[in-house]
Amino acid sequence: MAHLRKVQVTPLIDIDTATFAAHYHQGLRWFLFEQPDQAGPLCDEDVAETFKSFTHAGLFGGKQEQSLRQAVGSCLGTIHAGVLSPSTSQLRPEVPRW
C-alpha cells in the first residue's frame, strides 16, 4: 500500500471561487505527484501556447466563465507545481528567487 502524506502548499494567487480552487489544486497535485518525469518549471513557450489555446477555444469571450476558471485554475496550479520539489513541496533549489 502506498504511503500518502498531507502536504500544505500556499497558493501563489488569491483563489476567488471553489471551482477555480479545485482545479488549481488538481493541476498542482497532478504535476507534482503524477508527472514525476516532467518535473521542473514549464517553459515559457508551453505556457504561452496553453493560454493561446484557451483564447482560440473562446474561453476569454465572457460567456464561459466556469470553463475559464477550470482551465486557468488547472494551468496555474501546474505552473506553480513546476517550481516546487515533489519531495519537499518547497521551491526547487535551482529555481531563482525574485
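The table for this structure:
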read-out: Gain in span if fully extended, residue 52 to residue 37, counting 0.36 nm per residue against the direct Cα distance; value: 2.9 nm
read-out: Convex hull of Cα atoms in segment 18-82, direction-averaged projection (nm²); value: 4.2
read-out: Gain in span if fully extended, residue 26 to residue 95, counting 0.36 nm per residue against the direct Cα distance; value: 22.6 nm
read-out: Listed peptides 46-53, 18-25, 87-94 by packing density, highest first (mean Cβ within 10 Å); value: 18-25, 46-53, 87-94
read-out: Under-5 Å amide H pairs with residue 84, H placed in peptide plane, nonlocal only; value: 92
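Read the figures in this text as sums done on the coordinates, not as results from a lab. None of these values were measured; they are calculated from a predicted model. As a convention, Cβ positions derive from the backbone with ideal geometry for all residues, glycine included, and neighbour counts pool all protein chains shown.
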